[in-house]
Amino acid sequence: MSTDSTPSNTASSALPTHADADDGAAPYVIDGDFVVPGVNAAGGWDTRLQSGHVLSPLLAHLVETVPTLTPMLTTRCIVDLTRAVPMKPLRWRREIVREGKKLQVVRASLYDGDIEYASLTALRARFAESPAVPLRTWPGPEGVAPMNAELDIKGYEIRV
């Protein structure tokens, strides 16, 4: 697909409202190289913009679909929302920043032309057996009773 192409299923020109939200509808449809937002992708403050709460799992999904050399688990994700993300189809890109059998770093991004709106960088680590050295355990402090798990802790207040 060229950079000037548009998705076959473009978003409607009418802006969504929170009354339009559908609990059963997917927030996004992936259409080739584009991600098309649905009404459930709209932000809580401004329905012309996408919510970061739904952008993060979308970007994580794009990362999780990248093949690995060995079975891996995504261990850390960093989401960067570099600007407000409009409610319109955006091109997605993925790149493997670092490839290896023990670690992989993957980056997924959403673009409109050359403008990057959001990205997620993920560290993926290989599944492996635990080390041969047994895990050491440390005794708790002497003379201190274990905390009652049913105790209702309210919090602390600090006054100056």
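The values are calculated or read from the model by the stated rules, or taken from the named source; none is laboratory data. What you are looking at is a predicted structure, and each value in this text was computed from that prediction instead of being measured. So basically every Cβ, Gly included, is an ideal-geometry build from the backbone, and we count neighbours across all protein chains shown.
Does the stretch 18-26 include one or more residues that are closer than 19 Å to Y111 by Cβ and either at pLDDT 85 or above or over 13 Å from the mean Cα position of the chain (by Cα) (or both)?
Start the filter on the stretch 18-26 by keeping residues that are closer than 19 Å to Y111 by Cβ, which leaves none.
No, every residue in the stretch 18-26 fails to be closer than 19 Å to Y111 by Cβ and either at pLDDT 85 or above or over 13 Å from the mean Cα position of the chain (by Cα) (or both).
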### Query
Yes or no: A128 touching a helix residue (DSSP H, G or I) at 6+ places or on another chain (Cβ under 6 Å) and at pLDDT 70 or above?
no
### Query
For A122, which of the numbered conditions (1) touching a residue at least 40 places away in the same chain (Cβ under 8 Å); (2) at negative phi; (3) surrounded by fewer than 14 Cβ atoms within 10 Å (Cβ to Cβ) fails to hold?
(3)
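Is it fair to say V97 is buried (at least 18 other Cβ atoms within 10 Å of the Cβ) and of a type in the set (A, V, I, L, M, F, W, C)?
Working: buried (at least 18 other Cβ atoms within 10 Å of the Cβ): no; of a type in the set (A, V, I, L, M, F, W, C): yes.
Here the answer is no, as V97 does not meet what is asked.
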### Query
Name the residues in the stretch 27-59 that are at pLDDT below 90, hydroxyl-bearing (S, T, Y) and within 17 Å of the chain's Cα centre (by Cα), would you?
Y28, S51
### Query
Within the stretch 49-59, is there a residue that is free of Cβ contacts under 8 Å to residues at least 12 places away in the same chain, of a type outside the set (K, R) and crowded, with 16+ Cβ neighbours inside 10 Å?
yes
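Return yes or no: is V35 under 15 Å from L120 (Cβ atoms) and surrounded by 15 or more Cβ atoms within 10 Å (Cβ to Cβ)?
Values: under 15 Å from L120 (Cβ atoms): yes; surrounded by 15 or more Cβ atoms within 10 Å (Cβ to Cβ): yes.
Here the answer is yes, as V35 does meet what is asked.
Are any of the residues in the stretch 103-112 among the charged types (D, E, K, R) and at pLDDT 95 or above? Please lay out each step first, then the result.
First, pick out the residues of the stretch 103-112 that are among the charged types (D, E, K, R): 107, 112.
Cutting the leftovers down to at pLDDT 95 or above gives us 107.
Yes, the conditions are met somewhere in the stretch 103-112.
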